[in-house]
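Peer 1: Below is one structure. I have some questions about it.
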Amino acid sequence: MSEENKNPVTEKIESTKGGHFYKEIMKDFRIKESLHGCLNCGTCVANCPAAAFYDYSPREVCQMIIEGDEETIEEYMKSKIWNCAQCYSCKYRCPKENSAADIVMAMREIAVREGLAAEALAGYTRIAKLVLTRGNQLAPDMLSPDAFPDWGPRMIELSSKKMEMREELFEGFPGMNVVDRAWAAEDYTIYEMQKIWEESGALEKVGTVFPFLVDIVQDDMEEKAEEMEAKIQEKKEKLEASKK
Amino acid sequence: MKTVLVIGGGVTGLKAASELAEMGYNVSLVEKEDYLGGQVTKHKYYKLAPDLRLAGDVIYPVIKAVESNSNIKVLKHSQITAVSGAAPEFKAKIKNSKGESEETFGAIVVATGFDHFDPTVKQEYGYGRFKDVVTNAEVEEMLNPNGPTKGELKRPSDGKTPKKIAIFQCVGSRDRQVGNPYCCRVGCVVSTKQAIEIKEKYPDSEVYVYYMDMRMFGRGWEELYGKAMEDYEIIFTRGRGAEVTLKNQQLSLRAEETIMDRPIQHSVDMIILAAGMAAGEGTIDAAKVLGIKQNDYGFLAPKDDFLSPNESSKPGIFIAGADKGPMDIENCIVEGAAVAAKVAGSLKN
């Protein structure tokens, strides 16, 4: 009879502390500032808005790092850490001045880098696409009163007039007279932004989570490239001329 | 015969004064308030853990031993404003309503004690905002028949007896956020004692204690803890009280039930904060006037914690009791006697 069969309930602890992900996390400069042992008092969990609704516990995050089990860390990086809302309530209430929020932030960066985040972030594809192709993702159109009944009947009335209201509010700012996005950035601005992402390596990082988004952005850039590069050249020449 | 100056008329100072007087020394006992007995008298401590004997049965004999001894001069409403000289001849300025006078002393005993931690700092507990969030010192006053409510536990908001009572442990202790990472050393047993007193007086009430660890290291403390669970059905929940809000005139607390691994919300009628110990105002003043060393938290630092626990950083100035750090009454009395022996020894040389 094997050991497991004899005692099916007892969990066998085999420490695997010191694995690759654990080492990567401990390398982050934030960890030392964010973990000073843990009293297991539960103050963080009691104050945590994410813990009230999701399968997430800042206390567990601290305990997981203290224990350092590689398999558990990997599991957390794939799922649980993405439930944190980064409100930092844990940090400002913890009697040990720990910050699960900072640990989570460091772990998220590593999860992205190590290609563990794709599944957890799949739901954010739309947002990422909008940010990468438009520069912003929130729009007045998204805030439909049907989805937020607690806003009351006045919102229904206001919502039907949102275009008129924006036109009045932002007279003289044509980019603001839209309701399908927060504001309409100029093509040139978007191109410039995409160029920065590409050259800084940020786009490549996005690619580890949303590979197809890289193609979308690159297609988007290609379409505009000729016109925009000419514009950049023109600007450069103007700048040179002004220097002389 | 040299005269000894004892600063502070709490348990430790009283015990030190009477022990020294019994050995034949003259003692001047300086107390800033107009009563003796320190925090025990100030907050009308009612019963003492773990035996639930009356605090008066302990404190009155100690006061009487001082008041009935002709070798002791008790100076109430007095404060030391300046000290000069060195052992064995100190010159201390004593200020009171009659004016300022200077006297010479052979040795000085500092027994200036502690102050209850002020929980207003922990604003998430709502002390000062919500009337029915009270401190453990206020509960002592309430439970004492000579107190403001004549021994009845009453909600400050409406004067009614609360049915559901929660006690928060470690308020202002074991907490880096308020700069007090140390343990108050008495909160656990005091809360257990108060919970039993409440259940004894109001058997229908429900008492919940929110704790991190119950540190029952004193004489008879663990047994009292057992009694609280077995005989009084007090509910101990392992999770630190995290936040208090007021919903529809009802107090609501948040915590994590750490053993069951879930956040909880609990509606109660009254919340008692087991506020810990902070260095007393008198202790901080004494350190300044005498120029003796304090530790990181404002308490007085002994010359050597193990080998000379009652000597300050300056020769001829001795320290004892809760001005050195959190201490219970039982140990304060031991400290008072210990410092008296040390002073007597130093004056003989």
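Peer 1: Which of A:77, A:170, B:205 sits farthest toward the positive end of the charge dipole of the protein assembly as shown, with +1 on the Cβ of Lys and Arg and -1 on the Cβ of Asp and Glu?
Peer 2: With unit charges placed on the Cβ atoms, the residue in question is B:205.
Peer 1: With a ≥ b ≥ c the root eigenvalues of the C-alpha gyration tensor of region A:104-203, is it rounded (a/c under 1.5), prolate (a/b larger than b/c) or oblate?
Peer 2: Oblate, since a/c reaches 1.5 and b/c is not below a/b.
Peer 1: Oh, and also: List the lysines whose Cα lies under 20 Å from the Cα of residue B:47, skipping any in the same chain that are fewer than 8 positions away.
Peer 2: Result set, ordered by chain and number: B:15, B:64, B:150, B:154, B:193, B:199, B:201, B:227.
Peer 1: Evaluate the relative contact order of chain B (contact order divided by residue number), counting alpha-carbon pairs under 8 angstrom at least 6 apart; express in whole percent.
Peer 2: Over chain B, the number comes to 21 percent.
Peer 1: Determine, for A:134, A:59, the number of other Cβ atoms within 10 Å of each Cβ, and report the residues in order from fewest to most.
Peer 2: In order of increasing Cβ crowding within 10 Å: A:134, A:59.
Peer 1: Could you list A:99, A:144 in order of exposure, starting from the residue whose Cβ has the fewest other Cβ atoms within 10 Å?
Peer 2: By the 10 Å Cβ count, ascending: A:144, A:99.
Peer 1: While we're on this one: Pull out a ≥ b ≥ c, the square roots of the eigenvalues of the alpha-carbon gyration tensor of region B:225-266, then state rounded if a/c is under 1.5, prolate if not and a/b is larger than b/c, and oblate in the remaining case.
Peer 2: Verdict is oblate for region B:225-266.
Peer 1: While we're on this one: With an 8 Å cut-off on Cα pairs and a minimum separation of 6 or more residues, tell me the relative contact order of region A:1-124 in percent.
Peer 2: Worked out over region A:1-124, it gives 31 percent.
Peer 1: Relative contact order of chain A: what whole-number percent is it, with Cα pairs under 8 angstrom and at least 6 residues apart?
Peer 2: 16
Peer 1: Within a 10 angstrom radius of each residue's Cβ in B:253-259, how many Cβ atoms of other chains show up on average? Whole number is fine.
Peer 2: Mean number of neighbouring Cβ atoms from other chains: 6.
Peer 1: Further question: Which value at 222 nm does chain B reach when only helices count, each DSSP H run of 4 or more adding -39,500 (n - 2.57), with the total divided by all residues and rounded to the nearest 500 deg cm²/dmol?
Peer 2: Taken over chain B, the calculation gives -8000 deg cm²/dmol.
Peer 1: As a footprinting exposure proxy, order B:105, B:217 by other Cβ within 10 Å, with the fewest listed first.
Peer 2: Least to most surrounded, the residues fall as B:217, B:105.
Peer 1: Kindly work out what percent of the DSSP beta bridges joining two residues of the protein assembly as shown are antiparallel, to the nearest 5.
Peer 2: Given both bridge residues lie in the protein assembly as shown, the antiparallel proportion sits at roughly 50 percent.
Peer 1: Also: Taking the Cα-to-Cβ direction at residue A:216 and at residue A:33 and moving 7 Å from each Cα, how far apart do the two end points lie in nm?
Peer 2: Placing both labels 7 Å beyond Cα along the Cβ direction yields 3.4 nm.
Peer 1: Give, as a single signed number, the net charge of other residues whose beta carbon lies under 12 Å from the beta carbon of residue B:252, with Lys and Arg counted +1 and Asp and Glu -1.
Peer 2: Charge balance in the 12 Å sphere: 0.
None of the figures in this text is laboratory data; all of them are computed from the coordinates on show. These numbers come from a predicted model, not from an experiment. A quick note on method: Cβ atoms are made from the backbone with ideal geometry, for glycine too, and the neighbour counts reach across all protein chains shown.
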